[in-house]
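Following: one structure in structure tokens, then a few remarks.
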Amino acid sequence: MERLFFLCPNTRRTVDVGVETDIDTLLRIRTNKVRAECPACGRVHEWTVRDAALPQATEFSLTLLARDLRHRGGSTEHGKHH
């Protein structure tokens with residue numbers, strides 16, 4: 001299951017409004033809207049599901065990138081390779 005995070009338009013903070021879904025459902029509902037009270041500013045916002053951040057997917061991608069760079073002996077720091 002993926003937890004969806006959205007960006008508060010008032011504070012620009014990433015917020016968790018309690019929406020969790022599997023990837024198949026996420027792909028089917030990506031054009032749907034989520035309306036919820038924002039934990040960052042307390043106001044009600046409406047977000048489109050496709051605008052959600054997916055921390056687990058991002059973390060997985062970064063893990064794969066780091067593993068690939070270690071395998072190559074490279075570094076992401078300023079594009080330098082060791």
Inset, instruction - Could you check how many residues of segment 49-82 are at pLDDT below 55, assigned to a strand (DSSP E or B) and among the small types (G, A, S)? - result: 1
Inset, instruction - Select from segment 5-37 the residues that are among the acidic types (D, E) and closer than 16 Å to P55 by Cα and write down the one among them that is surrounded by the most Cβ atoms within 10 Å (Cβ to Cβ). - result: D16
Inset, instruction - Filter segment 24-48 down to the residues that are in contact (Cβ under 8 Å) with a residue 12 or more places away in the chain and part of a loop (DSSP other than H, G, I, E, B), then identify the one that is nearest to the chain's Cα centre (by Cα). - result: R30
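The values are calculated or read from the model by the stated rules, or taken from the named source; none is laboratory data. In this text the structure is predicted, and so the values were computed from the model without any measurement. For neighbour counting, all protein chains shown are included, and Cβ atoms are generated from backbone atoms with ideal geometry for every residue, glycine included.
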